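Notes to accompany the following structure.
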Amino acid sequence: MLFGRKKKNPVKLADAGVVEWKYTTCGYCSTGCSIEVGLNDKGEAVSTRGVGNADVNRGKLCLKGIFEHELFRTAGRGRVPLMREKHFEEFRQASWDESLDKVASEIKRIQQQYGRDAFAVVSTGQIMTEEFYTLGKLVRGVIGTNNYDGNTTLCMASAVSGYKRSFGSDGPPGCYDDFEHTECLLAIGSNLPEQHPVIFWRLRQALEKRKFPVIVVDPRVTMFAQMADIHLAIQPGTDVVLLNALAHVILKEDLADRAYIEAHTSNYKEFEQLVSQYDPYTASTICGIDEDTIRNVARTYARAGAAMTIWTMGINQSTHGSDGVVAINNLNLITGNIGKPGGTSLSITGQCNAMGTREWSSCSGLPGYRALEKEQDRIDIARFWGIDPEFFPKQRGLFQTDIFPAIETGAIKGLWLIATNPMTSMPNTPRIRKTLEKLEFLVVQDAYADVETNEYSHVYLPAALWAEKEGCFTNTERRVNLIRNVVAPYADSKPDLWIFNQLASRFAQGRKIKFPETASAVFDEMRELSRGRMLDYSGMSHEKIEQQRGIQWPCSEGAESGSARLYTEGDFQHPDGKARLIPLPFIDNNERPDEDYPFWLNTGRVVEHFHTRTRTGKVGNLNKFSPTPYMEMNPDAARALGIEHGSYARLTSRRGDAVVMVQLTQRIAPDMVFIPFHFHECVNRLTLGLLDPYSRQPAFKQSAVRIEAIGDQDAAAVRNKAARSY
Ligand SMILES: Nc1nc2c(c(=O)[nH]1)N[C@H]1C(S)=C(S)[C@@H](COP(=O)(O)OP(=O)(O)OC[C@H]3O[C@@H](n4cnc5c(=O)[nH]c(N)nc54)[C@H](O)[C@@H]3O)O[C@H]1N2
Ligand SMILES: Nc1nc2c(c(=O)[nH]1)N[C@H]1C(S)=C(S)[C@@H](COP(=O)(O)OP(=O)(O)OC[C@H]3O[C@@H](n4cnc5c(=O)[nH]c(N)nc54)[C@H](O)[C@@H]3O)O[C@H]1N2
Ligand code: SF4
Ligand SMILES: [Mo]
């Protein structure tokens, strides 16, 4: 018998009038879903759908992907270049020639007056790989400043540094297919269902076919923690201690893979000596996980035929971010879980092309995972570009998080920001505001003119967005996927590639080097530079990538397709061919709650919004589900302070204050609050962002705050003032 729907009409989707579908890849998170954008008979983007035969998403999309076609017409897009002489004067419209001439002449002036490195460039993880490569060629090969970095220092730097320390190279060794083979999944500091919904769906699919234990390590009871078999609510910033203790139990109880350690790792003695100090009891007093649970998890992980660890910002954004990654690699090396199906250390990356910038942007070195520190790498690239190798610095310059302090000290006078919004995304924004005001010249190149950082610029360059241009992104599992040009750039905005090429032509050295005009011609250069290396693109082309719905590197010339995993033979990139086991002593160096600032401030994301909301804040169907800055707070802690559900609270840290709406929930412990970082003039007014010593990544997730109830009228006044003050 039929119930319920019997008398109702079947669900009907409105006919959007699509006459053609075009292939692209999602431009938000690093899952890398294949998308088709539907065009109507006027050539307007009217619909989006997941690509059914794409291995990554198999027809699925999350809600950000589903509404992605609406982006092209969102409010606040930049229509034309803008210029002004002084901060805070009214902008005037300018032509592309005038604005690019100004940018080139200011770069030259600043470099002549103060030295080559006095002009800095900070980019992103959100433009195409071909654009990254071209920007790197312009910055390293033409402009020649060494103060060049990307917002990936806020995001993936700890993963990069940890992979390099353990394996001798960057590059996530695993893939999503590992869920189909693993017998134990450990997920640390990752809220997969909200931040990578389609990777999470792949995990659920695997679990439906075959049950295996899922262990989630997160101080909050996230959606992921709620579906886990074991949830470890860890003390903030102490993951390294937990991981050392897991290794301790595994070695002590003889559960390690001795043959793997012997054949493929170095430095075992030093490592064993260090972890011997982290017995489960000692560890439990620091990381807050009881001894028996530590033993249980260690045994479960080590006894599994194949076990894997995934992690995201709960590990990377910490004063022990790089050590946390190395600790995960240590765990997988001693259990023989690298490069085998279901056994891996898989960093879940962040932005759609966080991988592309690591591979090709030359931010931390030279293209194709080459290093400035290696003479042969400098010679190879200089020869390929047709310049003198002596033009390159012999060591990388400042990280993004060191570039801003160098502006404060006056060492850097000019800055070019490409697709990043530090006025909202950097820690301690009250300080960033003062820093940006000190610049003699700031150029902001962004798809949106209303991005907060643009308040401080002298020149604004309107960039084309996502499928208004063509090129590749690399996802979490090293899969290179293609974005076809679906619609023309908005108004007079231009693809970043075009902007880089135009700027190059305004420098004498830029006219000597070849700067190809099309993304596929740039791709040909990258293919040549990667031939025979670990990061091998030589068997790929734009056409082949589209046909296969993405190809995983390495893919060498002549190969049918890409490679699912790295280090399958246990050969690593250190000179001795082995992976390194690294001892990790724990030093407690965070800002911690005390009498004056009694709460931990934890920060992160929600599913509806992407970062600083330049895009998702303008898409109605996303913004309406999460329209207000809010804070997760424990009901007991709130009661003690007289704070009610749905009321406002003021938070104060040693940096500044912020007002948010209170959401009471048991998801969070009484000594902690959680605030999504998407809203301007909110959580990053409070964060400290102490830096990891290896990766220079800020500890966005650990600061201390004080909280007080605040009346509605006062709250409204504070928020209005905040809105006016940027
Ligand atoms: N919807 C949406 N999706 C996104 C993004 C977005 O803005 N919106 N951004 C993308 C980007 S660039 C990134 S980097 C990823 C980030 O993806 P995630 O890292 O999964 O997201 P976050 O919310 O930043 O942080 C994850 C978890 O870390 C936990 N955490 C905090 N401190 C600790 C700690 O000391 N130890 C442990 N183990 N965990 C801790 C937090 O409680 C939080 O639940 O998401 C990507 N996907
Ligand atoms: N408190 C706290 N702060 C954090 C984090 C946290 O967890 N907590 N997470 C950190 C992390 S992981 C990240 S990745 C950063 C992100 O920080 P940001 O990179 O500063 O944030 P986005 O909003 O992604 O900024 C990207 C900008 O690029 C623009 N854009 C998009 N596509 C294009 C394009 O094709 N061309 C050009 N030229 N512009 C384009 C967008 O309009 C937007 O203004 O935030 C960090 N900040
Ligand atoms: S999971 Fe990530 S890549 Fe896939 S549709 Fe959602 S935002 Fe886009
Ligand atoms: Mo990120």
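Exceeding 23 Å between C-alpha atoms, which entries from my cross-link table qualify? They are 22/494; 209/340; 164/469.
Values: 22/494 20 Å; 209/340 20 Å; 164/469 33 Å.
Those over the limit are 164/469.
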message: Please report the antiparallel percentage of the DSSP beta bridges confined to region 599-722, to the nearest 5.
response: 65
- prompt: Tell me, what is the Rg over Rh of region 157-347, with Rh the Kirkwood radius over Cα pairs?
  reply: 0.93
Neighbour net charge for residue 129 - beta-carbon separation under 14 angstrom, K R +1, D E -1: -1
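Using only alpha-carbon positions, what ratio does the radius of gyration of the chain give when scaled by 2.2 N^0.38 Å? Could you put the intermediate results ahead of the total?
Details: Rg = 25.0 Å, N = 726, 2.2 N^0.38 = 26.9 Å.
Dividing the Cα radius of gyration by 2.2 N^0.38 Å gives 0.93.
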C-alpha center-to-center spacing [region 104-169, region 223-272] in angstrom: 35
- request: Compute the separation of the alpha-carbon centres of region 313-327 and region 292-309 and state it in Å as a whole number.
  value: 20
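Classify region 20-73 from the C-alpha gyration tensor, please: rounded if a/c falls under 1.5, else prolate or oblate depending on whether a/b exceeds b/c.
Working: a/c = 2.43, a/b = 1.51, b/c = 1.61.
It comes out oblate by the Cα gyration axes.
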task: Would you be so kind as to identify which of 34, 56, 45 lies farthest towards the positive end of the dipole of region 20-73, taking Lys and Arg as +1 and Asp and Glu as -1 on Cβ and the Cα centre as origin?
output: 56
field: Anchor residue 413: lysines whose Cα lies under 17 Å away (excluding residues fewer than 8 positions away in-chain)
entry: 86, 102, 108, 434, 438
field: Helix runs (DSSP H) in the chain reaching 30 Å along axis by Cα, Kyte-Doolittle at least -1.0
entry: none
- prompt: How high is the relative contact order of region 120-174, in percent, counting Cα pairs under 8 Å that sit 6 or more residues apart?
  reply: 36
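To the nearest 20 Debye, how big is the dipole of region 157-347 about its Cα centre, given +1 on the beta carbon of each Lys and Arg and -1 on that of each Asp and Glu? It would help to have the intermediate numbers written out before the result.
Details: 15 positive and 21 negative charges, 64 e Å.
Dipole magnitude for region 157-347 comes out near 300 debye.
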field: region 602-662 versus region 530-554: alpha-carbon centroid distance in Å
entry: 42
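What number do you get for region 117-163 when its Cα radius of gyration is normalised by 2.2 N^0.38 Å, N = residues?
On the way: Rg = 11.5 Å, N = 47, 2.2 N^0.38 = 9.5 Å.
Relative to the rule-of-thumb radius for its length, region 117-163 sits at 1.21.
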Considering only the chain, percent of DSSP beta bridges that pair antiparallel, nearest 5: 50
field: At R0 = 41 Å, FRET efficiency that the Cβ-Cβ distance of residue 621 and residue 293 yields, to 0.05
entry: 0.50
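According to the square roots a ≥ b ≥ c of the eigenvalues of the Cα gyration tensor, what is the shape class of region 331-416, taking rounded for a/c under 1.5, prolate for a/b larger than b/c otherwise, and oblate for the remainder? If you can, show how the numbers build up before the last one.
Details: a/c = 2.47, a/b = 1.47, b/c = 1.68.
Oblate, because a/c is 1.5 or more while a/b does not exceed b/c.
FYI, it's all coordinate maths here, none of it is from the lab. In this text, all values refer to a predicted model and were calculated from it rather than measured experimentally. Heads up, the Cβs are rebuilt from the backbone with ideal geometry, glycines too, and the neighbour counts pull from every protein chain shown.
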